[in-house]
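The structure follows.
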Amino acid sequence: MKFFLDTADVEEVREAVAWGLLDGVTTNPSLVAKTGKTFREVLCDIAEAVPGPVSAEVTATDMAGMLDQAHEYADLASNIVIKIPLIVEGLKTVKKLSEEGIKTNVTLCFSSTQALLAAKAGATYVSPFVGRLDDIGHEGIELIREIRTIFDNYDFGTQILVASARGPIHVRDVAIIGADVVTLPFKVFEMLAKHPLTDSGLEKFLDDWKKVPQDKKPEGGA
Ligand code: G3P
């Protein structure tokens, strides 16, 4: 499974790249708004920092406007993927961009029939939002299971990019189902590596190690 960071903060991207575990980045208008930088500045910095796809979201809601923004963003760097909302104008835009060979990520997906349409339109990725479904009392994870089954039934190449993942349990569940990608806030990415028993176990080993008589280093050795 690939790991993307859901952020517009280039420092977080650089840190995750240094771990050697990051495959890409997703951004959205709300995340960009927090940086105080222009969208172009954010995109260029992140696209340079990560050797993988970077999703840039359009804000137009009609096909002509979406296509204009898509071409503008795609020209900024070769790893930019155009993120498009799952509305009819968006699906028409995805179809056109896929014919042009421009990669797309169809976002704000909340049902498996929406995902099916995104795949038929030729999307590179579709982003179902698990956390926001949980928030309204639905089972976000069930949506991932349904989409996996449908895409496998018809051999769709569209990758399932799980978005709005809120914690390690979401990551475990979507990995078991076989999602292709999960995008995570940096703090959730960090949580995946942590366990209190790892920390207390390491502390005990290091304390006990101090009690082990140490060999003397040979003098004058090279
Ligand atoms: O980028 C889209 C998605 O990951 C947002 O997550 O936590 O705002 O529902 P959240």
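How would His138, His71 line up by accessible area, probe 1.4 Å, largest first?
If we order His138, His71 from most to least accessible, we get His138, His71.
Measure off 7 Å from each Cα along the Cα-to-Cβ vector at His71 and Lys95, then give the distance between these two points in nanometres to one decimal.
2.0 nm
Is there a pair in Lys194/Lys217; Lys34/Lys194; Lys83/Lys120; Lys37/Lys96; Lys103/Lys194; Lys83/Lys194 whose C-alpha atoms are over 25 Å apart, and which pairs would that be?
Listed pairs above 25 Å: Lys194/Lys217; Lys34/Lys194; Lys37/Lys96; Lys103/Lys194; Lys83/Lys194.
Take each of the peptides 87-94, 11-18, average the number of other beta-carbon atoms within 10 Å over its residues, and list them starting from the highest.
Descending packing order for the listed peptides: 87-94, 11-18.
Can you give the calculated 222 nm mean residue ellipticity of the chain, where each DSSP H run of n ≥ 4 adds -39,500 (n - 2.57) and the sum is split over every residue, rounded to the nearest 500 deg cm²/dmol?
Mean residue ellipticity, 222 nm, calculated: -15000 deg cm²/dmol.
Which GluC sites (Glu not before Pro) from the range 98-154 combine a DSSP loop assignment with at most 15 other Cβ atoms within 10 Å?
Hits after loop and neighbour filter: Glu139.
Between helix 63-74 and the chain, what is the angle of the helix's C-alpha long axis to the longest principal axis, kept within 0 to 90° and rounded to the nearest 10?
30 degrees
A follow-up question, please. Set the Förster radius R0 to 35 Å, insert the Cβ-Cβ distance between Thr113 and Ala64 as r into 1/(1 + (r/R0)^6), and round the FRET efficiency to 0.05.
0.85
Considering only C-alpha atoms, what is the centroid distance from the range 88-118 to the range 1-60, in Å?
Cα centroid to Cα centroid, the span is 21 Å.
Now a separate question. Set the Förster distance to 30 Å, then compute FRET efficiency between Lys204 and Trp19 from the Cβ-Cβ distance, nearest 0.05.
It comes to 0.75.
Oh, and also: Any chance you could get the radius of gyration and Dmax over the Cα atoms of the range 2-209, in Å?
For the range 2-209, the Cα radius of gyration and maximum Cα-Cα distance read 17.9, 67 Å.
Averaged per residue, what accessible area in Å² does the chain show with a 1.4 Å probe, protein chains only?
Details: 12080 Å² over 222 residues.
Spelled out: the 1.4 Å probe surface of the chain, per residue, equals 54 Å².
The values are calculated or read from the model by the stated rules, or taken from the named source; none is laboratory data. As the structure is a computational prediction, the values presented were derived from the model and not from experiment. Neighbour counts are summed over all protein chains in view; Cβ atoms, including those assigned to glycine, are modelled from backbone coordinates with ideal geometry. In case anyone asks, the SASA skips ligands and DNA or RNA and just uses the protein heavy atoms, side chains included. Shrake-Rupley method; radii C 1.70, N 1.55, O 1.52, S 1.80 Å.
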